[in-house]
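Data first, discussion second: the structure below is written as structure tokens.
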Amino acid sequence: MVTVRGLNITPVKGTQLQKVTELRMDRDGVRENRRFYLIDDQNEMVNSLRLGALHTAAFGYSDEERRLRVELPDGRVVDEPVALGAPVQTRFYGSDLEARLVDGPWSEVLSELADRPLRLVEAGETSAVDRRDVGAVSLISRGSLDRLAAEGGLDGIDARRFRMLIEVDGVDAHAEDAWVGSTVRVGEALVGFEGHAGRCNITTRNPVTGEVDAPTLKLLGRYRQDIESTEPLPFGIYGRVVEPGFVCVGDPVALEG
């Protein structure tokens, strides 16, 4: 039986993923997931690709209370309501994306952490901003993670390294590749998977410390380089929410069409 093994979210793109036991997937994704992101002084989105220190910031967000909380690596905790400032036109992976600046201590705190000027913005009603609603859901199997660990002679791989929303168990390595083009029932929600998630150097960073500590791309290249896929070096899949609903750890996962 295929089941949900883990759920991982972060309200601020590029920061440390947090394990949760339940979430709700709406048409635009999970409202508490990647709702906010960081921009530099040129209004360009920045993440942990080059700023590994962002992985040490553990954020939480209550959409009901509209409140953000972050625990920093030095033990400090900042907990404040979300107060929106001026609109700003940002550049997000080469595309224009309108957002709102978030007032308060966030930009100062995160600039100090990253040792460069950063500003926190909210993407409005758009969640999972990487691929918009087409990629509101991402999924990887434990079998695939174990296969990659075996390739590198590693004891195991934390699923959060690949920054996926859902981890499933009960299928062979990379069985999820074949789900692209199909709909899959995950808990109450129905997801239409649209593509394979190609990988970049962010995956070489430890998901908690931000240090580069695993040659993930080299390992994937050994046996995934020539796989037919929608993106190069595929590892996991992404898709859109067809029917909203709650998903919990332990829920069944079933191919529907």
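The values are calculated or read from the model by the stated rules, or taken from the named source; none is laboratory data. Nothing here was measured: the structure is a model prediction, and the numbers come from that model. Counting neighbours? That spans all protein chains shown, and the Cβs are built from the backbone with ideal geometry, glycine included. For the accessible areas, the whole protein counts, side chains as well, though only heavy atoms, and no ligand, DNA or RNA atoms are used. Shrake-Rupley method; radii C 1.70, N 1.55, O 1.52, S 1.80 Å.
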* Structure fact -> With criteria (1) open to solvent by less than 10 Å² (accessible area, probe 1.4 Å); (2) free of Cβ contacts under 8 Å to residues at least 60 places away in the same chain; (3) in contact with a Phe, Trp or Tyr (Cβ under 8 Å, 6 or more places away or on another chain), VAL78 comes up short on (1)
* Asked: Does at least one position in region 67-74 carry a residue that is closer than 15 Å to VAL12 by Cβ, part of a strand (DSSP E or B), among the β-branched types (Val, Ile, Thr) and touching a strand residue (DSSP E or B) at 6+ places or on another chain (Cβ under 7 Å)?
  -> yes
* Structure fact -> When restricted to TYR37, TYR61, the only residue open to solvent by 20 Å² or more (accessible area, probe 1.4 Å), assigned to a strand (DSSP E or B) and in contact (Cβ under 8 Å) with a residue 40 or more places away in the chain is TYR61
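Among the listed residues SER138, SER111, identify the single one that is touching a strand residue (DSSP E or B) at 6+ places or on another chain (Cβ under 7 Å), open to solvent by less than 30 Å² (accessible area, probe 1.4 Å) and of a type in the set (S, T, N, Q).
SER138
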* Structure fact -> Selection from region 1-34 of residues touching a helix residue (DSSP H, G or I) at 6+ places or on another chain (Cβ under 7 Å) and open to solvent by 30 Å² or more (accessible area, probe 1.4 Å) yields ARG5, ARG27, ASP28
* To do: Identify the single condition in (1) buried (at least 22 other Cβ atoms within 10 Å of the Cβ); (2) farther than 28 Å from ASP155 by Cα that VAL253 does not satisfy, given that it satisfies every other one.
  => (2)
* Asked: Any chance region 223-241 includes a residue that's touching a Pro at 6+ places or on another chain (Cβ under 7 Å), acidic (Asp, Glu) and over 17 Å from THR3 (Cβ atoms)?
  -> no
